[in-house]
Amino acid sequence: MSVIDLVAAKLTFDGHFAYVWSAWFIGLLMLIVLVLASRMKRKKLLRQIRFDQLINQQQTNTSQSDEEIT
């Protein structure tokens, strides 16, 4: 048995090729989806926090301006 045959046997997992590689692929795909979803959710949350801070800052500035006038 040559080295190529040994490598081929290991990569095909002795006849369980479809099951093993599909499980690896599905697991990797799920991991990628979870990472991307987490990053998107984090960006959205940071954007919302910045927006809320801007609104609060504007409200604070407006109330201070009103106090100076009266």
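Quick rundown of the values:
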read-out: Residue within the stretch 27-36 that is more than 23 Å from the chain's Cα centre (by Cα), surrounded by 10 or more Cβ atoms within 10 Å (Cβ to Cβ) and of a type in the set (Val, Ile, Thr) present; value: no
read-out: Among (1) surrounded by 10 or more Cβ atoms within 10 Å (Cβ to Cβ); (2) outside any helix (DSSP H, G or I) - the single one MET1 does not satisfy; value: (1)
read-out: Condition check for LYS44: in a helix (DSSP H, G or I) and loosely packed, with under 10 Cβ neighbours inside 10 Å; value: no
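Throughout, read-outs are computed from the coordinates displayed, never taken from laboratory work. Quick caveat: nothing in here was measured; it's all calculated off a predicted structure. Virtual Cβ from ideal backbone geometry, glycine too; neighbours counted across all protein chains shown.
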